[in-house]
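Please read the structure below before turning to the comments.
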Amino acid sequence: MGTERNIITGVYQGVLTVAIYKMVRESAFAPDDIARLGEAYECVLKTLRLVDRDDPVTEIVAKKIIALYEAGDHDPPHVCAQTIRALGIRSV
């Protein structure tokens, strides 16, 4: 968790500004929640091979992840899989 914590700390201070981190930076999410959201987000981007963090698709991914998390799904691998399914992608 050391690496994620360092990334999240940087994000929380506004250093890293990719889609999901922009959305949660000033939210009511606790640092552990932000870490789990970030883990799910990175999982989806890696699975879909989305390398350009400025790609508009990354914002769609971030919004879906946050919606699933707010609905009570806090397991990053499950959120990752559900997000990919919600995007209509059957297999990657």
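Coordinate-derived values only; no laboratory data. A quick note: this is a predicted structure, and the numbers were derived from the prediction, not measured.
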- prompt: At q = 0.15, 0.17, 0.20, 0.28 Å⁻¹, what is the log10 ratio I(q)/I(0) for segment 42-86, with the Debye formula run over Cα points and no solvent?
  reply: -0.32, -0.41, -0.56, -1.03
- prompt: Karplus couplings for segment 24-34 from phi (6.51 cos²θ - 1.76 cosθ + 1.60, θ = phi - 60°), rounded to Hz, Gly and Pro as x?
  reply: 9, 3, 10, 8, 8, 5, 6, x, 5, 5, 4
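When only C-alpha pairs under 8 Å and at least 6 residues apart count, what is the relative contact order of segment 28-92, in percent?
The normalised contact order for segment 28-92 reaches 42 percent.
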